[in-house]
1. Condition (residue is of a type in the set (D, E, K, R), assigned to a loop (DSSP other than H, G, I, E, B), more than 26 Å from Pro35 (Cα to Cα) and free of Cβ contacts under 8 Å to residues at least 40 places away in the same chain) applied to segment 96-117: is it met by at least one residue?
2. All but one of (1) part of a loop (DSSP other than H, G, I, E, B); (2) farther than 23 Å from Val127 by Cβ; (3) basic (Lys, Arg) hold for Lys92, so report the exception by its number.
3. Among the residues of segment 122-140, are any of a type in the set (Phe, Trp, Tyr), more than 17 Å from Cys37 (Cβ to Cβ), at pLDDT 70 or above and surrounded by fewer than 13 Cβ atoms within 10 Å (Cβ to Cβ)?
4. Tally the residues that are of a type in the set (S, T, N, Q) and surrounded by fewer than 11 Cβ atoms within 10 Å (Cβ to Cβ), restricting the search to segment 81-110.
Amino acid sequence: MTLNLPAIADKAEASPVAADAPVAADIAPRVRVCPECSGEFHPPVKGPGQHKRFCADKCRSAWAAREKAEGAVLITVARIWRKTRGAGEIGKRAFEEMTSILDKLNAKHSEEGRYPLNATSPVADYVRDVLAVPYMDRERSYLKRKA
């Protein structure tokens, strides 16, 4: 946090600055881009919703449903590729199929106007957030909620 301290000449008449006083970065509105519809939105700077990645619940739900459906298409092919470690004819064919599916999905997302996938996109932020918690920890948390 940056404190705006008075110049030495003004010290006698200046009032002290509280350590918890808001600074410009704390109150300035942020602009985020929804990875589903590419629309801009302004999440709150602090409090509930500050880590919001989608502009609306319908975008978040559409994103999750599509991720689930597209993941279902890829999971069997990816498991075959991983099990064979990419060796032999089946492993090579599984890798070709997996990359072909991913290329088609990326092209479809671009045609539908979704935010592009690159290192600075909101999708990359979302992926970084998901990858910050290992899969086994996410699964454990999910199983606790179901119980």
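1. no
2. So Lys92 meets the others, but not (1).
3. Yes.
4. Qualifying residue count, segment 81-110: 0.
The values are calculated or read from the model by the stated rules, or taken from the named source; none is laboratory data. Predicted model only: the values in this text are computed from it and were never measured. Here Cβ is always computed from backbone atoms with ideal geometry, including for glycine, and neighbour counts include all displayed protein chains.
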